[in-house]
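Notes for the one structure printed next.
The values are calculated or read from the model by the stated rules, or taken from the named source; none is laboratory data. Just so it is clear, the model here is predicted, and its values are computed rather than measured. Cβ coordinates were reconstructed from backbone atoms using ideal geometry, including for glycine residues, and neighbour counts include every protein chain displayed.
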Amino acid sequence: MPGDYKVCWSHSGTDHQDYQVPVATLRVGGPVPNDNVCTLSEPCMVVVEGVRLAHTSKLLFIEEDSTCGDLLAVVAVWSGVNNPAATALLSPPLNPGFVYANGDTYDAGLGYAGIPSTRYKVCWSFNPTSGGGIADYKVDVGQFTMNGAVQDVVGQCTLGQSCNLIISGTGLSETNQVKIVMGPGLCGSSSITAAVLQGITNPQLVTNDAYDNQYNMGLVTIGGSYALCRVAVPAETCIGDHYKICWAHGVYAPPIGGKSLVVEIGSFQMSGPFVTYSVECTMGSVCAFILYGSLLDMQNRVLIIEATSSCGDSNPIIATFAGLRNPQPMAQVSADKSEATVRLGISNGGREDGYKLCWGFNPFRVSDYTIEVGPFYFRGLAGDCVADGLTVTCSDVR
């Protein structure tokens, strides 16, 4: 332990009781052992008490199983963290020498990526040299914990279903929050855009419970228009896999405002069909069409209802067409799950009109068809036309 110690002298001492003459005070400089904690997305300022800590002193973070001063020690790595970390308070003297303090604060930066864990330790060096490297850090200060969320999340939600994310980590708390974004930049940069998915709260605070790991994002019932979403760079209102999740501990507020949502913890995908998509079928012909979207599945189904009803109603007016099956599951889904084929049959009767096409993820009741894909038009045959299954033939009237 650092501190002041008494030096005693003896002419010919053979036992510690023989050293009766105090001759000096020995002051041992160095840090007082203590465990420390930092959190990803928050400034990491490590406070160390001690005796005669110098402006040149630094801290080194290593893996728990490594030994301070060992050339083979495994140095911990977090993006944004200064490792080694230098003083945040002491300035060099005007003349050669050292500036001392009985305690100091070390600025380790602000981490935005890396493994959160309790399995690290802190090592200290009075005046580390470039030649000495990590071997200069011989003093074990104590255990070190980096709190934060893990960064291997694969978030996936579906239109019409409750969207809940479970995010694990170390030292999670009720202040944590997430934000779904899109764009090429890092989380927290100006080159990303927040997702605007109707029904989702974005950003969202964690549910405050014993675990602090669940985010109830909401329920999305609109998947973005076919025209804006089935493109190379979909809009921020679209379903799809072009999103990522940013996380913040939620205490530190950067100067630009908001929270420090700088930790990219994984990807996010919203599945379902594109909407504002028009479909039509003709009496006497095979009624088949393709839906486009993200992660479409064979358990998905469609329902055609009267235009005066709403998708998701508990008692909508279901459209009837002689020969067509309504509702109906998907007949085929593409390998990448971006296209689903629907085959309703061949109609031989029904009212020529406009209807609504509704979609459900895995519906059991008519109220489960909550997503309005778009209009469905049922066309009758012109007076000079004859339907024959897959084809409609019309006479050339001049």
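Data for the structure
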| read-out | value |
| --- | --- |
| Leading residue by the ranking (surrounded by the fewest Cβ atoms within 10 Å (Cβ to Cβ)) among those in region 76-101 that are in contact with a His (Cβ under 9 Å, 6 or more places away or on another chain) and of a type in the set (G, A, S) | S91 |
| Residue ranges of strands (runs of 3 or more DSSP E) in region 187-273 with at least 1 members within 22 Å of G109 (Cβ to Cβ) and not assigned by TED's automatic domain parsing to the domain that holds D368 | 240-248, 263-273 |
| Lone unmet requirement of (1) surrounded by fewer than 20 Cβ atoms within 10 Å (Cβ to Cβ); (2) at pLDDT below 95; (3) outside any loop (DSSP other than H, G, I, E, B) for S347 | (1) |
| Total residues in region 350-361, condition basic (K, R) and either assigned to a strand (DSSP E or B) or not assigned by TED's automatic domain parsing to the domain that holds T308 (or both) | 1 |
| Within region 362-380, considering residues that are among the aromatic types (F, W, Y) and part of a strand (DSSP E or B), the one nearest to F274 (Cα to Cα) | F376 |
| Residue count for region 312-339, restricted to those that are assigned to a loop (DSSP other than H, G, I, E, B) and surrounded by fewer than 16 Cβ atoms within 10 Å (Cβ to Cβ) | 11 |
| Hey, S57 touching a residue at least 12 places away in the same chain (Cβ under 8 Å), of a type in the set (G, A, S) and under 23 Å from K138 (Cα atoms) or not | yes |
| Hits in region 105-129 (condition: farther than 14 Å from A85 by Cα and of a type in the set (G, A, S)) | A113, G114, S117 |
| Residues satisfying the stated conditions in region 161-181, i.e. β-branched (V, I, T) and touching a Ser or Thr at 6+ places or on another chain (Cβ under 8 Å) | T170, V181 |
| Filter result for T276 (of a type in the set (S, T, N, Q), on the phi > 0 side of the Ramachandran plot and touching a residue at least 24 places away in the same chain (Cβ under 8 Å)) | yes |
| Given (1) touching a Pro at 6+ places or on another chain (Cβ under 6 Å); (2) surrounded by fewer than 18 Cβ atoms within 10 Å (Cβ to Cβ); (3) at pLDDT 95 or above, index of the condition T56 fails | (1) |
| Long-range neighbours under 8 Å by Cβ, at least six apart or interchain, first residue closer than 26 Å to V231 by Cβ within region 320-342, second charged (D, E, K, R) and assigned to a loop (DSSP other than H, G, I, E, B) | M330/D297; V333/D297; K337/D297; A340/D297 |
| Condition met for V342 (part of a strand (DSSP E or B), under 33 Å from the mean Cα position of the chain (by Cα) and modelled with pLDDT of 95 or more) | no |
| The lone exception for G132 - which of (1) among the small types (G, A, S); (2) without any contact (Cβ under 8 Å) to a residue 24 or more places away in the chain; (3) crowded, with 16+ Cβ neighbours inside 10 Å it fails | (3) |
| T158, sole failed condition from (1) surrounded by fewer than 16 Cβ atoms within 10 Å (Cβ to Cβ); (2) of a type outside the set (F, W, Y); (3) touching a strand residue (DSSP E or B) at 6+ places or on another chain (Cβ under 9 Å); (4) closer than 19 Å to I371 by Cβ | (1) |
| Strands (runs of 3 or more DSSP E) contained entirely in region 96-167, each with at least 3 residues that are under 16 Å from the mean Cα position of the chain (by Cα) | 104-114, 139-149, 153-158, 162-166 |
